[in-house]
Amino acid sequence: MMDWQNYRSELMGRLGDLGKLSPDTMKGYGLIANAGDSSGSLDMKTRELIAIAVAVTTRCDGCIAIHAKEALKHGASKQEIADALGVAISLNAGAALVYSARALDAIEAA
């Protein structure tokens, strides 16, 4: 299993290095990442639950490391995180189901 705390720490260091090389890229990412904060429509716990589910569906270890910690920090319980992960799992299975129909279409067209 991965040492998530060490990985998160190393990742943040490397992202800091990237920020020194390309500050506008990091500034632009920060703008995108925080764009929904000001509307107040979703609280931070909800945003982090969505983020961790999306991190799983996009298979982003760095995103998982960061958003797992943030979800807990903003009050998400392990059960709430498990429920969000269940949504991620269902969407991945749903996507495979939809693309299976596309594969059948391709077979019919061949």
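When peptides 53-66, 90-103 are sorted by average Cβ neighbour count within 10 Å, with the highest value leading, the order is 53-66, 90-103. Think of it as helices only: each DSSP H run of n ≥ 4 in the chain is worth -39500 (n - 2.57), and spread over all residues that comes to -27000 deg cm²/dmol at 222 nm. A simple charge model with +1 on the Cβ of Lys and Arg, -1 on the Cβ of Asp and Glu and nothing else charged puts the dipole of the chain at about 220 debye relative to its Cα centre. Computing log10 I(q)/I(0) by the Debye sum over Cα atoms at q = 0.14 Å⁻¹ directly from the structure and comparing it against (1) -0.72; (2) -0.58; (3) -0.45 singles out (1).
Here, each number is a calculation from the coordinates, and none is a lab measurement. These figures come from a predicted structure and were not determined experimentally. No Cβ is skipped: glycine too gets one built from the backbone with ideal geometry, and neighbour counts run over all protein chains shown.
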